[in-house]
Every structure is written in C-alpha cells, then in structure tokens.
Amino acid sequence: MSASVPILTFHTIDDHPSVISVSPNVFGRGMARLWESGYRTVNLPEVVNCLFQAVPFPDRSFAITFDDGYQSVYDEAFPVLLHYGMSATVFLTVGETGMAGPDDRLPSLGGRSMLSWRQIRDMHRSGIAFGAHTLTHPDLSRLRCDQVETEVYKSKAIIEDVLGASVACFAYPYGRYDPRSREIVRRHFACACSDQLGLVTLRSDPYALERVDAYYLRTERLFALLLTRVFPWYLLARGLPRRLRRALSHRAPSAR
C-alpha cells in the first residue's frame, strides 16, 4: 500500500509546441514503461474512497485524466489505454448549446479539433469515464454564484443525459476555484480536481485534488522520474515558483 498516488493530467496528445501538448511518442512510451514496471491505473472514485475511509492507496497505482476533450484523446491516447487496459477520466467542456448529436463536436478551444459525441460514446462503452469541465471553460472564481451553478450543474446534466450514466467528477477550468465555487461543486459531485501540483495523500481535499500536469512529464526522461523516489522532490521543486507567483498575486490587490 502507498501513502500517495499521482493523478496525471493531459490535455492534447500531439507534437505541437504548446504547453498543453504531449507528444504521442512520449505518451505511448511512458504508459508502456509504467505498465512494464508493474504500475496499474485506479479511477478517481477509488482514490476518493481511500480518502474518505482513511486507508492507503493501492501500491504502484496512478490515475489518468484529460481536460477539455480534444480529439487527440480519441485518436492518440485511447488506443494506448485500450492496449494496456488502463482507465482514465476525460473532463468535457460541453458548450452552451447542448448540441449532442452523434456527429456534433464539443466547441473548439484554441482552434483545435474536439471530440464528437460519437467518439465520447465509443470511449464510454470501452470503460473510459467522463467528468464535467463546465459549459464554456470560465474562471469560476470570477463569476457570480448563479453563473457558477449554471456552468457546473448544466455541464453535468448534459453529459449524464447523453451517456445515460452518472457523472461523479469535476475539474475546475484553469484549476481555479474559491470557497463559493468549491461549495457549489461539492453539492453536485463526489470529487473535483484542481491544478495544484503534487501527489494526492490522505490529507488531500477531495474537492481540490492535486494533479501532475503533463507539462512536467513532457520528455521520456522526465516521465521516467515517476518510477523513482526523487519524483515527489521533483514536483516540490517545480511547484515552488507557481506557489510564489500565486501568493504574490493574492497579495497584490491589498497593496493598492
């Protein structure tokens, strides 16, 4: 058993020079290396169940998430996940219109092609889980309470209606939330993912789960750190600049 578990978070699996891109080769070889080293995936409800019961996580386990719903998840990541029998949760930004015909696609983000509902259903039938990521991908901490409620609840309802299955997990757009948005999410979901860089431990907040952004695993050499004891220290070092920037940004308004 383990005292911590990593939740790996990806966005798009392609070779574009973008902070949200991970090369298909790095992703495929990284998953192969984890599998060959005896690592197995757990789903987010399993992670949260350990938190609520205060029991250690399965040894050599990790979770996989994808944010936004890019088509590359279906084209590049899905075949790899099927090959190794791995689970994952894909957080969908579904759009305001609620258009969910088989060939309708999620609204484009950054000009990239997004998943179609036909592809989403195909992955769901194969065991991939889906979570909500709002309607329009706003910073929830900047919205009124009624707007947060709409973004959170309606996105969940649309996915549940299409898939005919409950949606238990949420991811905050940009990883940002405040006490109001956290409370609204808590009323509708079993857990929520933030962008706080780190490993989930028994001290973690189920509604602000730490994750490991794939930006910090973007080469095969970096991915290999997952298998070593230095990985938590690597995350700590990489997270210090981010925490410092946020601390300064929170203090800025009071300085004016």
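Here, each number is a calculation from the coordinates, and none is a lab measurement. Note that the structure is a prediction, hence the values are computed from the model and not measured. Cβ placement follows ideal geometry from the backbone for every residue including glycine, while neighbour counts extend to all protein chains displayed.
Scanning the range 27-67 for residues being touching a Pro at 6+ places or on another chain (Cβ under 8 Å), of a type in the set (V, I, T) and in contact (Cβ under 8 Å) with a residue 60 or more places away in the chain gives a total of 1.
Can you confirm whether Y70 is surrounded by 23 or more Cβ atoms within 10 Å (Cβ to Cβ), of a type in the set (F, W, Y) and touching a residue at least 12 places away in the same chain (Cβ under 8 Å)? For Y70, the condition - surrounded by 23 or more Cβ atoms within 10 Å (Cβ to Cβ), of a type in the set (F, W, Y) and touching a residue at least 12 places away in the same chain (Cβ under 8 Å) - is met. Taking the criterion of being part of a loop (DSSP other than H, G, I, E, B), of a type in the set (A, V, I, L, M) and touching a residue at least 40 places away in the same chain (Cβ under 8 Å), would at least one residue in the range 152-162 satisfy it? No, because not a single residue in the range 152-162 is part of a loop (DSSP other than H, G, I, E, B), of a type in the set (A, V, I, L, M) and touching a residue at least 40 places away in the same chain (Cβ under 8 Å). For the range 126-161, a residue qualifies if it is surrounded by 20 or more Cβ atoms within 10 Å (Cβ to Cβ) and within 20 Å of V73 (Cβ to Cβ), and the qualifying residues are I128, A129, F130, G131, A132, H133, T134, L135, S155, K156, I158, I159. Among the residues making up the range 23-57, those that are in a loop (DSSP other than H, G, I, E, B) and crowded, with 17+ Cβ neighbours inside 10 Å are S23, Y39, V42, N43.
The single condition from (1) more than 17 Å from the chain's Cα centre (by Cα); (2) assigned to a strand (DSSP E or B) that E149 fails is (2). Checking each residue in the range 1-22 for being assigned to a strand (DSSP E or B), over 18 Å from F91 (Cα atoms) and of a type in the set (S, T, N, Q) picks out S2, S4.
Residues considered: V73, V55, V94, V90. Of these, the only one that is within 22 Å of L199 (Cβ to Cβ), of a type outside the set (S, T, N, Q) and touching a strand residue (DSSP E or B) at 6+ places or on another chain (Cβ under 9 Å) is V90. Quick check on F62: is it closer than 15 Å to T89 by Cα and either touching a helix residue (DSSP H, G or I) at 6+ places or on another chain (Cβ under 6 Å) or in a loop (DSSP other than H, G, I, E, B) (or both)? Here the answer is no, as F62 does not meet what is asked.
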